[in-house]
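**Student:** Structure below; questions to follow.
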Amino acid sequence: MTTGDADIKIRILLASKKLFAEQGFEKTTVRQICEEAGANVALVSYHFGGKENMFGALFEYFFPNDDIAGIDPTLSPVEGIKLLISEVTKFRYSDRQLINIIQQEIIMNTDRIQKIRKHVMPMWQLLRQWLKEGEEQQLFQFRSLDTTLLSVVGTLLFHRHTEYWTFLVEEKNPPMAEVIEDLTAFILGGIHYKEE
C-alpha cells in the first residue's frame with residue numbers, strides 16, 4: 001500500500017468514526033463518509049470491502065488493542081484495578097467518538113457488538129479476574145462477583161459527556177487526573193477495599 005493509499009484509508013476511517021458517532025451506523029451512508037473524507041465511493045470497497053468491514057477496521061485501528069495485550073495479568077488485584085480505571089478513563093477522554101459508537105451499538109444490541117466484544121472483552125476479563133482474586137485474598141468484600149463486575153464496568157463506561165447531564169453538574173470539564181482519582185476512590189470504596 002502506498003503512502004497515498006494509507007492516507008486515504010485513514011481519512012475514510014476518521015470520517016466514518018465521526019459520522020457513526022454523530023448519527024449512528026445505520027443512518028450513515030458510504031456516500032456521506034466519502035464526502036466527509038474527500039474520497040471516491042469505490043475506495044470503501046477497495047480498502048474495506050464495504051461498510052460493515054469498515055466498522056470492524058475502526059476497532060483494529062483506533063482501539064488500544066496493543067495496550068490491553070501488554071497488561072500484566074499477574075498484577076495484584078488492587079494494582080490491576082487501578083490501572084484499568086486509569087486506562088479506560090484516559091481512553092474515554094482521548095476517543096469520545098469511539099466510545100459513543102460502542103455505547104450506541106450496545107444499547108441497540110446490533111450484530112456488530114460481536115466485533116466490539118472481540119476487542120473489549122479481554123480487558124473486562126482481566127477486571128473479573130482481579131475482582132475474584134481480590135475477594136479470595138480478602139482485599140475486597142462483595143456479595144456477587146457478577147453484580148460487582150457490571151457495576152464497575154457501568155461506572156467506567158457511564159456516558160458523562162452529553163448535553164443530557166449538563167444542568168446537573170457543576171464541573172463542566174474536570175481534569176482527567178481528578179476524574180481518575182475520584183473514580184478510583186469510588187470503585188475501591190464500593191468493593192470495600194481493605195488496605196493491606
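The values are calculated or read from the model by the stated rules, or taken from the named source; none is laboratory data. Remember, it's a predicted structure, so these values are computed and weren't measured experimentally. Using ideal geometry, Cβ is built from the backbone for each residue, glycine included, and neighbour counts are taken over all protein chains shown. Heads up: the accessible areas ignore ligands, DNA and RNA and are worked out on the full protein's heavy atoms, side chains in. Shrake-Rupley method; radii C 1.70, N 1.55, O 1.52, S 1.80 Å.
**Student:** Among the residues of region 145-196, which ones are open to solvent by less than 40 Å² (accessible area, probe 1.4 Å), touching a residue at least 24 places away in the same chain (Cβ under 8 Å) and farther than 23 Å from GLU105 by Cβ?
**Tutor:** THR148, VAL179, ILE180, LEU183, THR184, ILE187, LEU188, ILE191
**Student:** I need the full set of residues from region 47-60 which are at negative phi and either open to solvent by less than 70 Å² (accessible area, probe 1.4 Å) or touching a Lys or Arg at 6+ places or on another chain (Cβ under 9 Å) (or both), in order please. First the steps, then the outcome.
**Tutor:** Just the residues of region 47-60 that are at negative phi, to begin with: 47-48, 51-60.
Across region 47-60, the qualifying residues are HIS47, PHE48, LYS51, GLU52, MET54, PHE55, GLY56, ALA57, LEU58, PHE59.
**Student:** Related question: Could you pull out every one of the helices (runs of 4 or more DSSP H) wholly within region 7-103 that has 2 or more residues that are over 30 Å from ILE191 (Cα atoms)? Quick ask: steps written out before the conclusion?
**Tutor:** Details: elements: 30-37, 42-48, 51-62, 65-69, 77-94.
Where helices (runs of 4 or more DSSP H) fall fully within region 7-103 and carry at least 2 residues being over 30 Å from ILE191 (Cα atoms), they are 30-37, 42-48, 51-62.
**Student:** Here's another thing I want to ask about it. May I ask you to list pairs of residues, at least six apart or on different chains, whose Cβ atoms are under 9 Å apart, with the first in region 98-122 being within 18 Å of VAL88 (Cα to Cα) and the second being open to solvent by 40 Å² or more (accessible area, probe 1.4 Å) and acidic (Asp, Glu)?
**Tutor:** Matching pairs, first to second residue: ASN100/GLU22; HIS119/GLU60.
**Student:** Additional query: Assess whether GLY38 counts as being open to solvent by 50 Å² or more (accessible area, probe 1.4 Å), more than 30 Å from GLN137 (Cβ to Cβ), of a type outside the set (S, T, N, Q) and touching a helix residue (DSSP H, G or I) at 6+ places or on another chain (Cβ under 7 Å). Before the answer, list the steps.
**Tutor:** Details: open to solvent by 50 Å² or more (accessible area, probe 1.4 Å): yes; more than 30 Å from GLN137 (Cβ to Cβ): yes; of a type outside the set (S, T, N, Q): yes; touching a helix residue (DSSP H, G or I) at 6+ places or on another chain (Cβ under 7 Å): yes.
Yes: the conditions hold for GLY38.
**Student:** Separate question: From (1) over 17 Å from PHE20 (Cβ atoms); (2) not in a loop (DSSP other than H, G, I, E, B), pick out the condition that doesn't hold for ILE116.
**Tutor:** (1)
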